[in-house]
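Here is the structure we will look at.
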Amino acid sequence: MLKKYIIVQTHTNKRVVLDRIAERLIDDRLVACVNIYPNEYSLYKYNDKIVRDREYLFHAKSVDCKFDKIAKVIQELHNYETPEIISLEISQGNEMYLKWIKDEVS
């Protein structure tokens, strides 16, 4: 069966939370790598209030069969009550890079 490669995405306003999540996911071999990007500004509605916050964007590379375990770790360690946990499919990529992802999470 052909593996589907994914990027799992979440956000938070606390960089330390993403660092903990990233280390756990890599240690548990659920993801090959994580990128954490600073985001200047996020605007969203939560509990009937408009929230303006600086958040960090988190991208973790893996394979789709690991998504449920990745989501569980994120939910467990995240500081938000309802964190974004979404998967974006990688439809194409460098074959050597995709093999590296597969080897790291196997």
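Scan region 1-34 for residues that are in contact with a strand residue (DSSP E or B) (Cβ under 9 Å, 6 or more places away or on another chain), more than 20 Å from Gln75 (Cβ to Cβ) and not small (Gly, Ala, Ser) and the total you get is 4. Kindly check whether there is at least one residue in region 90-103 that is closer than 16 Å to Glu23 by Cα and without any contact (Cβ under 8 Å) to a residue 12 or more places away in the chain. Looking for residues that are closer than 16 Å to Glu23 by Cα and without any contact (Cβ under 8 Å) to a residue 12 or more places away in the chain, one finds none in region 90-103, hence no.
Scanning region 36-55 for residues that are over 11 Å from the mean Cα position of the chain (by Cα) and within 30 Å of Trp100 (Cα to Cα) yields a total of 4.
The set of residues from region 69-101 being part of a helix (DSSP H, G or I) and either open to solvent by less than 70 Å² (accessible area, probe 1.4 Å) or over 18 Å from Asp27 (Cβ atoms) (or both) comprises Ile70, Ala71, Val73, Ile74, Leu77, Glu95, Met96, Tyr97, Leu98, Lys99, Ile101.
Of the residues making up region 5-20, those that are assigned to a helix (DSSP H, G or I) and open to solvent by 50 Å² or more (accessible area, probe 1.4 Å) are Arg15, Val16, Asp19, Arg20.
Do you know which of the residues in region 35-68 that are in a loop (DSSP other than H, G, I, E, B) and open to solvent by 70 Å² or more (accessible area, probe 1.4 Å) is modelled with the lowest pLDDT? It comes out as Glu40. Determine, yes or no, whether Leu25 is in contact with a helix residue (DSSP H, G or I) (Cβ under 7 Å, 6 or more places away or on another chain), part of a helix (DSSP H, G or I) and surrounded by 15 or more Cβ atoms within 10 Å (Cβ to Cβ). Judged against the criteria, Leu25 is a match.
The values are calculated or read from the model by the stated rules, or taken from the named source; none is laboratory data. Here the structure is a predicted model, which is why all the values come from computation and not from measurement. So basically every Cβ, Gly included, is an ideal-geometry build from the backbone, and we count neighbours across all protein chains shown. Areas reflect the complete protein model, heavy atoms only, side chains present, ligands, DNA and RNA absent. Shrake-Rupley method; radii C 1.70, N 1.55, O 1.52, S 1.80 Å.
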